[in-house]
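One structure is given below, encoded as structure tokens.
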Amino acid sequence: LALAGAALAGPAEDELVIETDDGPVRIVTKTAAPAFLADTFDTIYSGWLFRDDTTRDMERDDFDNPAMVFVDRGMDAWNAAMGANGESCAGCHQGPESMAGLRAVLPRVDAESGKLMILEDYINACVTGRMGLEKWGTTSDDMKDMLSLISLQSRGMPVNVAIDGPAAHFWEQGKEIYYTRYGQLEMSCANCHEDNYGNMIRADHLSQGQVNGFPTYRLKDAGMVSAQQRFVGCVRDTRAETFKAGSDEFRALELYVASRGNGLTVEGVSVRH
Amino acid sequence: MNSHLWRVSAMVTVIATPAICETAPKDVSFAEGAVEASLTGVPGDPANGVKVMTTNALGNCVACHQIGALPDVEFPGTIAPPLDGAGDRWSEAELRGIVANAKMTFEGTFMPAFYKVDGFVRPGDGFTGKAGTEPLAPILNAQQIEDVVAFLVTLKE
């Protein structure tokens, strides 16, 4: 046991090339840290490198990736005439490949409204404003199916979220949350994912807590988990009052955490346990 | 007669209620991190200390620490120093202080304070994610801390 622990100490030495219908896609799971992290890390790693062999293998081929079921469901919704007047996503946006590149630059500040937008916000803007429907719940199945479909269109593209200009003050807010020690356990994201990545917290191998893989199929939940949902879970585990998924705080946090992964590529949809 | 019996057992309950001789979390006095006096006056039970240290919902010390004397614990964490020899490195009073509030010994440490009830940022109601109201119940009660300390002092190299 002690030996197994020691062997698992660091990220795996492994490469991820995913077999897809459109040929192999190479995923950058390890790269130089963004400049603002220079005093913290040399290298950033995808959470994929911290999972065991079996879990890693499930992401190597779309045929074995259980998240693809949810992508297919997202595709059905994309094409469905579900709007109050029969509108569909496809009717306005053509194929989902029109969304290529979007996931890699989110969250971002919307030029018109000045609001910090996560992908869920863009989807809901169309669901309510352009289709006349009730807002989808931030962590509802409808929402996560659509997140899966749209994220997949950016697979293999480098994460490149803006942290300056109008994003700067949201980014600072997210950074502050990242380093705050919440709850009765008085733990921050940084305590686990910056100071202790590579270590075992009981049976869990701590990663850097990157969001490039989201949404992810989590074997333990047998379903999709969005980044917003993962944040709720991690803060709850510190015996704290969490922020809500989709709250201003967690949107700012998603921007900050995403920026820590600038240079990794989008995996969405990934597999974790 | 029934009511008489009930009154007797109620009295027993009052006597057994630890609050009488227990040091409340806010009243613990730390001297350079150490806590000299027992929190309960009742000797600790090392066997129960082991249970507290290895149970998720209680101390869950093994989430972070390895303990050579407990080889049956599956998947102990690797975050913190192994506790082997802790009884040589630290006095009983120092160990009591570390378990009650490790921040008084190691400034800014990752180790949670197990006998602290307020001063938290967004305190929760256990692991529900909902708001808790301070003072919270400490993660471990006074006797559990004494039990853990009774086990730690036995960890000699």
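Residues being in contact with a strand residue (DSSP E or B) (Cβ under 7 Å, 6 or more places away or on another chain) and assigned to a helix (DSSP H, G or I): count how many of those fall in the stretch A:141-156. The qualifying residues number 2. For the stretch B:48-67, residues that are more than 14 Å from the chain's Cα centre (by Cα) and either away from chain A (no Cβ under 11 Å) or at pLDDT below 95 (or both) total 1.
Checking each residue in the stretch A:37-75 for being under 16 Å from A:HIS193 (Cβ atoms) and among the hydrophobic types (A, V, I, L, M, F, W, C) picks out A:LEU37, A:PHE41, A:ILE44, A:TRP48, A:LEU49, A:PHE50. The requirement of being over 26 Å from A:ALA162 (Cβ atoms), surrounded by 15 or more Cβ atoms within 10 Å (Cβ to Cβ) and touching a helix residue (DSSP H, G or I) at 6+ places or on another chain (Cβ under 8 Å) is not satisfied by A:GLU120. For the criterion of being of a type outside the set (Phe, Trp, Tyr) and surrounded by fewer than 20 Cβ atoms within 10 Å (Cβ to Cβ), A:ALA227 fails.
In the stretch A:171-207, the qualifying residues are those that are open to solvent by 40 Å² or more (accessible area, probe 1.4 Å) and of a type in the set (Phe, Trp, Tyr), and the one that is farthest from A:GLU267 (Cα to Cα) is A:TYR179.
Being within 13 Å of chain A (Cβ to nearest Cβ) and out of contact with any Ser or Thr (no Cβ under 6 Å at 6 or more places or on another chain) holds for only one residue in B:ALA86, B:ALA80, B:ALA93, and it is B:ALA80. Here is a check on your reading of the model: is A:LEU106 under 15 Å from A:ARG73 (Cα atoms) and either open to solvent by 50 Å² or more (accessible area, probe 1.4 Å) or within 16 Å of the chain's Cα centre (by Cα) (or both)? It is false that A:LEU106 is under 15 Å from A:ARG73 (Cα atoms) and either open to solvent by 50 Å² or more (accessible area, probe 1.4 Å) or within 16 Å of the chain's Cα centre (by Cα) (or both). Close contacts from the stretch A:78-107, counting a first residue that is over 30 Å from A:PRO158 (Cβ atoms) and a second that is of a type in the set (Asp, Glu), with Cβ to Cβ under 8 Å and a gap of 6+ residues or different chains, come to A:ALA81/A:GLU87.
If the condition is being out of contact with any strand residue (DSSP E or B) (no Cβ under 9 Å at 6 or more places or on another chain), open to solvent by 40 Å² or more (accessible area, probe 1.4 Å) and in contact (Cβ under 8 Å) with a residue 12 or more places away in the chain, then the stretch A:123-140 contributes A:ARG130, A:GLY132, A:LEU133. Return a yes/no flag: does the stretch A:58-67 have any residue that is within 30 Å of A:GLY132 (Cβ to Cβ), assigned to a loop (DSSP other than H, G, I, E, B) and either open to solvent by 10 Å² or more (accessible area, probe 1.4 Å) or β-branched (Val, Ile, Thr) (or both). Within the stretch A:58-67, not a single residue is within 30 Å of A:GLY132 (Cβ to Cβ), assigned to a loop (DSSP other than H, G, I, E, B) and either open to solvent by 10 Å² or more (accessible area, probe 1.4 Å) or β-branched (Val, Ile, Thr) (or both). Applying the set (1) within 18 Å of the chain's Cα centre (by Cα); (2) surrounded by 12 or more Cβ atoms within 10 Å (Cβ to Cβ); (3) more than 17 Å from B:PRO138 (Cα to Cα) to B:ALA37 leaves exactly one unmet item: (2). Once the stretch A:208-223 is narrowed to residues that are over 11 Å from the mean Cα position of the chain (by Cα) and open to solvent by less than 20 Å² (accessible area, probe 1.4 Å), the residue that is farthest from A:GLN153 (Cα to Cα) is A:GLN208.
The values are calculated or read from the model by the stated rules, or taken from the named source; none is laboratory data. Keep in mind that this is a model prediction, so the values were computed, not measured. Backbone-built Cβ (ideal geometry, glycine too); neighbour counts: all protein chains shown. For the accessible areas, the whole protein counts, side chains as well, though only heavy atoms, and no ligand, DNA or RNA atoms are used. Shrake-Rupley method; radii C 1.70, N 1.55, O 1.52, S 1.80 Å.
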